[in-house]
1. Taking neighbour counts of Cβ atoms within 10 Å as a proxy for exposure, in what order, fewest first, do His447, His355 appear?
2. State the answer as a single residue: which of Ile361, Leu173, Leu404 lies farthest towards the positive end of the charge dipole of the chain, with beta carbon charges of +1 for Lys and Arg and -1 for Asp and Glu, about the Cα centre.
3. With the cut-off at 32 Å, tell me which of the pairs Lys93/Lys406; Lys241/Lys306; Lys29/Lys206; Lys175/Lys427; Lys61/Lys170 have Cα atoms farther apart than that.
4. Quick one: which residues, 5+ away or cross-chain, put their amide H under 5 Å from the amide H of Ala359? H built at 1.01 Å from N.
5. Going Cα to Cα from Lys33, which aspartates and glutamates come in below 17 Å? Please leave out same-chain ones fewer than 8 positions away.
6. Out of the GluC sites (Glu not before Pro) in the range 294-399, which ones are loop residues according to DSSP with at most 14 other C-beta atoms within 10 Å?
7. With each label point set 7 Å from Cα along the Cα-Cβ vector, what nm distance links Cys364 and Leu20?
8. Among Met304, Met394, what is the fewest-to-most ranking by other Cβ atoms within 10 Å?
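Read-outs throughout are calculated quantities, based only on the coordinates presented, and are distinct from any laboratory measurement. Please read all numbers here as calculations on a predicted model, not as lab measurements. When we count neighbours, we look across all protein chains shown, and the Cβ atoms used for this are built from the backbone with ideal geometry, even at glycine.
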Amino acid sequence: MNVGTKIKNAAISTAINTALNYLEKDPEKNAPKIMDLVDKLCPEDWYVGQRNAIRQAIEEKNNWYDLILRIYALDPEVRKAFFANFITNASLKGSALQEETAEKNNCNVPWAILLDPTSACNLQCTGCWAAEYGHKLNLSLETIDSIVQQGKAMGTYMYIYTGGEPLVRKKDLIKICEMHPDCEFLSFTNGTLIDEEFCQEMLRVKNFVPAISLEGFEDANDSRRGQGVYQKVMHAMELLKSHKLPFGISVCYTSRNFEDVSSEAFYDKIIDMGALFVWFFHYMPVGNAASPELMLSPEQRTEMYKRIREFRGTKAIFGMDFQNDGEYVGGCIAGGRRYLHINAKGDVEPCVFIHYSNANIHDCTLLEALKSPIFQAYHDNQPFNENHLRPCPMLENPQRLRQLVKDTNAVNTDYQDPESVDHLCDKCETYAANWQPVADELWCSSHPDSCSSCSGCGK
């Protein structure tokens, strides 16, 4: 990264922090003036698109403006820590160092690292991909600390816990927050272990954010997660809201629950409960015991695509669909391009859903793992499809994953019931073939300049 870029990033960081401090005094009164302040501090040709989008949201007082005000209703110290860690450290300072490290080493460097503190869980959810690891594996506190230290040295300040149920390791997760106050820690969680004591700990450390798994309303949720879980989740959200703590919702959408989770009623419910973001994940048929019938039809996925985009423009919550929003991030973000996954045994995997690896964090450094064969194959082959509505090398391009795994001699990291890459990809072939013409037509309609390579509309 050149000196000019470093100066630019430092300047925009200063401008943002100055603006945030100004906004802090009286958010609603000062919000309309905030972009004038940024304009004075930055050259007019810097981040024009982003600045105009923020300015428009404020001027129109639309749903994004409402979301900003919701964020300013959070505990002030927690909010300040989030802005410092997420905006300044992870997105500005961190991104600059990631780019520099990536160029120097000719490999991907992730914006976020997903890791499993444990494979243990207090629930037995139907179709859970994580269950295939078993329930006895753990990353030690020392190993997690080492991963974070190595990540920060490369510019990674965002860490996301998966599992298992991460909150089985509550005390250790809080300890890591204490050890790395300059990082932001998010945890996918079933929500059932969030109690008053843990809320107080979140207020104390200030840099931990839950993303609570929810499968829809009570019947849909409890049919997969167990009787009574929905009410426990509602209680957890009530606690978090009452303490002015940030949290979001994580949704795995399937052929059975997509109507629930993409409905306006569902959006309104989670907003009312206090959620600030909702992340949607397409069901992946991972594991020998997976249920391919839970994958969506092309019509159902198209409906998800349309509804989430509609609500993104009308609801005061940040919604992201990781399968249908590939156009905003240039396709697949796995393999260290934006994130990677480390399971509870230490295997460094390109994706939380793709359990093949050549490296284990107990045997190599994080940087060495990023240079391992399968990670280099991701680095050299992304994007896997020019149509970013078909981003995944497994779900939409199964022939690509077959080749990647075989060419790199990556081994399956499912220790309970190992699954061959052919068995995994076979389950995706029909889905990929059915989705392709629909995806191509959708892509062509919104990206006419790319139409020449599209087979969707027959033009």
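1. Working: His447 15, His355 26.
Fewest to most other Cβ atoms nearby, the residues stand as His447, His355.
2. Among Ile361, Leu173, Leu404, the one farthest towards the positive end of the dipole of the chain is Leu173.
3. Details: Lys93/Lys406 37 Å; Lys241/Lys306 29 Å; Lys29/Lys206 26 Å; Lys175/Lys427 41 Å; Lys61/Lys170 39 Å.
Violating the 32 Å Cα-Cα cut-off are Lys93/Lys406; Lys175/Lys427; Lys61/Lys170.
4. Amide H neighbours of Ala359, under 5 Å, 5+ apart: Val348.
5. Once the sequence-local aspartates and glutamates are set aside, what remains near Lys33 is Glu24, Glu44, Glu59, Glu60, Asp66.
6. On the way: sites: Glu299, Glu303, Glu310, Glu327, Glu368, Glu386, Glu396; in loops: Glu386, Glu396.
Within the range 294-399, the qualifying GluC sites (Glu not before Pro) (loop, at most 14 other Cβ atoms within 10 Å) are Glu386.
7. Rounded to a tenth, the inter-label distance reads 3.5 nm.
8. Met304, Met394
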